[in-house]
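These notes are about the structure you will find just below.
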Amino acid sequence: MALKISGETKKFNLIKQPEQNAEQIASQLLKINPALVRDWLTAFLQDEIIRRRNFKKAIVGLSGGVDSALVTYLCAAALGPENVLAVRMPYRTSSRESLDHAQLVVDALGVQCETIEISKAVDGYLETFEPKADGRRRGNVMARMRMIIIFDQSAKHDALPVGTGNKSERLFGYYTWHADDSPPINPIGDLYKSQVWELARFMGVPSVIVDKPASADLIQGQTDESDFGISYSKADRILALLLRGYSRERIIGMGVPSTEVDLVKGKVDSTHWKRHLPTTAMLSSTSINDYYLRPVDY
Amino acid sequence: MTQNEGKINLLLAQFHPKKGDYAHNVRRVGDIFEQIASEGLKVDVVTLPETGLTGYFLEGGVRESARRQGQVFKDLQAEYLKRCGPNAPLLDITFGYYEEYNGAFYNAALYLTLGAEEKAENSWKPGIIHNHRKFFLPTYGVFDEERFVSRGRKVAAFDTRFGKAGVLICEDVWHSITSTILALQGAQIIYVGNASPARTFATDEPGNLTRWRELVKSVSDEHNLYMVLTNLVGFEGGKGFIGGSVVTNPFGEVVLNGPVADECLLQVQIDLADMVVARAENPLLADLQNGLPDLVAELNAIERH
């Protein structure tokens, strides 16, 4: 660095603090070192699967989307691909593309794979008893059926189910309760969607999977972002600022439209229940999880 | 001066305890004793992390896992003599555990001398040298300590076979006042046991690991003493502890850095004579001692809200 010493001057060189808008502040909050995160999550999986729970294998519901793809990559890195079972569970209206993308992951990693079609199981209930069920109900039945299969296949193969819910959808409550969130461990639950994309790219998840619009593939043509009314990128920035502790007013003052802040905050505020276990009436001073407290791994 | 002439041979055990299994963890400490003996390692003081005998996040399980200090000494002494023989030489050890005393529970750390009674030297014999109860209990964010344990009320340097030492636990060190008190009391080395779950992954290492290293460096640099930071490793319910145990010298320099996240033993020899050199250059502690009465007056004048 060259030092520049000027002579005496009447007017001083003025150096201004650079202005930071919401996008810049949020970018700092969302920044990750993907190599470090990969290593940490690999260590997490090894510790929680092998050391803590004495499993050798993991089982993942592989949908063809980026979240389950990334989790499959992480499990393969942690346990070796021969110890990872990816299960594709299409319904008859699932897109061909989803199945093909899941196959790309299987081929790239060399993990074990099973394909179990859920149509008969789902229709066995819906067509027989509830033929008029709407799309939302049908989607939830499918998600819960997939959960049943994952847990049963887990028992069959002695493989621990690994979850795939990311932080953005967890905060939005955008998942089927006691289904998508049911696997006992989840490596990506503290990563926002935009961080999932970044880590997935870093780990070599095929770009066709990373770059496509996120979709639950429960209803044809549906995408997450069209459901939300806001993109994940914008939502993640607002979520990062909100969770940091910045007030609604302060975030708006940083330049974020109030409609977007209110949309995001509204979704988070209306779904706290979903991030907890069921509500139990407290009657004693030994009420479980109020008074009687033991950590998950005690 | 001790027979070591001011040198202390440290062995930091960056350790992953089995959750809630005191007996198992005592046996694993025994594995360390056995390794010292079988590999002929020259060790004066072994250090373990905060809650090294039980794991950190116990919630109400503190009631089942807490032990009295006397019991812990007996158990470790028995383990040491079993592994290294009835004539085992004196060995000091400092580590964290959950303590029960008089019906109250504490996040505490013991400093013990273990070994055969016959090996007593210069009036130092096996026993409890010091017990520190964590003074500052983090009860915010992921931490919930004051819900399950009570606060300690003392910060005190104590004499060991190797000079004057202090023990602090985790958040104790984040308040500069505690290490300042120990330094004023004459501590030459401060042992810090730590259980720090990793958070922020934006740079080359977890952000709190960087912060910890800078913290102990600055304490060493200000008071010209040795800091020995021993960190938990492994995951507890998804929360992974940082590792990265570190020793810093009286010049504020890192002597040895442990790896992130892995269990290991770190062997370091320090020389208390470095304190004299560092303080000659940088007599801040002497300046503080001179200004102390005025500062205490300022502290006493702070209004209570």
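A few remarks follow.
- Among the residues here, A:Ile5 does not qualify as buried (at least 19 other Cβ atoms within 10 Å of the Cβ) and either away from every other protein chain (no Cβ under 13 Å) or modelled with pLDDT of 90 or more (or both).
- Test: residue in the stretch B:107-126 that is farther than 27 Å from B:Val43 by Cβ, touching a residue at least 24 places away in the same chain (Cβ under 8 Å) and crowded, with 19+ Cβ neighbours inside 10 Å: no
- Qualifying residue in the stretch A:58-66 (condition: touching a residue at least 12 places away in the same chain (Cβ under 8 Å), more than 14 Å from chain B (Cβ to nearest Cβ), part of a helix (DSSP H, G or I) and not acidic (Asp, Glu)): yes
- Those helices (runs of 4 or more DSSP H) of the stretch B:146-260 in which 1 or more residues are farther than 30 Å from A:Leu293 by Cα, among the hydroxyl-bearing types (Ser, Thr, Tyr) and more than 14 Å from every other protein chain (Cβ to nearest Cβ) occupy B:176-184, B:207-223.
- A:Ala108 being surrounded by fewer than 18 Cβ atoms within 10 Å (Cβ to Cβ), in contact with a Gly (Cβ under 8 Å, 6 or more places away or on another chain) and either at pLDDT 95 or above or of a type in the set (A, V, I, L, M, F, W, C) (or both): yes
- In the set (1) assigned to a helix (DSSP H, G or I); (2) within 14 Å of chain B (Cβ to nearest Cβ); (3) not β-branched (Val, Ile, Thr), the condition left unmet by A:Arg53 is number (1).
- Considering the stretch A:246-298, the residues that are closer than 17 Å to A:Gln20 by Cα and part of a loop (DSSP other than H, G, I, E, B) include one that is nearest to the other protein chains (Cβ to nearest Cβ), namely A:Tyr246.
- Residue tally, condition in contact (Cβ under 8 Å) with a residue 24 or more places away in the chain and either away from every other protein chain (no Cβ under 14 Å) or part of a strand (DSSP E or B) (or both), over the stretch B:261-305: 21
- Given (1) within 14 Å of chain B (Cβ to nearest Cβ); (2) surrounded by 17 or more Cβ atoms within 10 Å (Cβ to Cβ); (3) over 30 Å from B:Lys18 (Cα atoms), index of the condition A:Lys31 fails: (2)
- Selection of the stretch A:181-210 for residues being under 10 Å from the mean Cα position of the chain (by Cα), assigned to a loop (DSSP other than H, G, I, E, B) and not small (Gly, Ala, Ser) yields A:Asp181, A:Asn186, A:Pro187, A:Ile188, A:Asp190, A:Leu191, A:Tyr192.
- Considering residues of the stretch A:38-71 that are of a type in the set (Val, Ile, Thr) and within 20 Å of the chain's Cα centre (by Cα) only, the residue surrounded by the fewest Cβ atoms within 10 Å (Cβ to Cβ): A:Thr42
- Where B:Ala78 falls short, out of the listed (1) of a type in the set (A, V, I, L, M, F, W, C); (2) within 20 Å of the chain's Cα centre (by Cα); (3) within 23 Å of B:Pro89 (Cα to Cα): (2)
- Entry remark, the stretch A:216-274: residues being surrounded by 12 or more Cβ atoms within 10 Å (Cβ to Cβ), within 14 Å of A:Arg170 (Cβ to Cβ) and of a type in the set (Phe, Trp, Tyr) number 2 in total.
- Residue within the stretch A:91-106 that is hydroxyl-bearing (Ser, Thr, Tyr), farther than 24 Å from A:Val37 by Cβ and either assigned to a helix (DSSP H, G or I) or touching a helix residue (DSSP H, G or I) at 6+ places or on another chain (Cβ under 8 Å) (or both) present: yes
The values are calculated or read from the model by the stated rules, or taken from the named source; none is laboratory data. Just so you know, these numbers come straight off a predicted model, no measurement behind them. With ideal geometry, Cβ positions are generated from the backbone for all residues, glycine too; neighbour counts draw on all protein chains shown.
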